[in-house]
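For reference, the structure discussed in these notes is given below.
Values in this text are rule-based calculations from the coordinates and carry no lab data. Predicted, not measured: the structure shown is a model, and the values here were computed from it. Virtual Cβ from ideal backbone geometry, glycine too; neighbours counted across all protein chains shown.
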Amino acid sequence: MYFDLLKVILSPTNGYHIFIDIKDTRSQQKVEKLKEVLRNTHYDYKHHIVRNIQQIKSNEIELLPLTDLLIGAISYLHRGLNESVAKLALIKHIQKRSGYTLLHSTLYKEEKTNIFIWKPGNSLI
């Protein structure tokens, strides 16, 4: 799934350091494979685009809890839940600030807010 997300948003004019939360004991092998496949897909043999993909402990990076909060709010919306006033207020705030309904994927190259809606059996839509 990381590949489906990253392959469409990487730009050949930029360099990226990608950080992924540690999942399990074999995840380093998966990270190395992801790095290899992304570089090959983008003809990045000199590692100018995908500079590094690194596993991190999410509790050591200050931005990850914020990311989890935003993803959680959008997931709450997509699950059709509406009981939490706080979550609904956050969703409304994100919608207002982003200009998006949050119900559909954004364009892949959107610069401020990227939302990718994934459905099993399909690519990003």
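So here's what we get for this one:
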quantity: Percentage relative contact order, region 35-125, counting C-alpha pairs under 8 Å, at least six apart; calculated: 13 percent
quantity: Qualifying aspartates and glutamates (Cα of each under 18 Å from Cα of Lys92; at least 8 residues distant if same chain); calculated: Asp68, Glu83
quantity: Built amide H within the under 5 Å cut-off of Ser105, gap 5+; calculated: Ile117
quantity: Estimated dipole of the chain in Debye, rounded to 20 [Cβ of Lys and Arg +1, of Asp and Glu -1, Cα centre]; calculated: 180 debye
quantity: Amide hydrogen neighbours beyond the local backbone of Phe19, cut-off 5 Å, H modeled; calculated: Gln54
quantity: Cross-link reach list, lysines versus Lys57, counting only Cα pairs under 17 Å and skipping chain neighbours closer than eight places; calculated: Lys23, Lys30
quantity: Convex hull of region 65-113 built on C-alpha atoms - directionally averaged projected area, nm²; calculated: 3.6 nm²
quantity: Cα-based reach from Lys109 at 16 Å (exclusive), listing aspartates and glutamates while leaving out same-chain residues under 8 positions away; calculated: Asp4
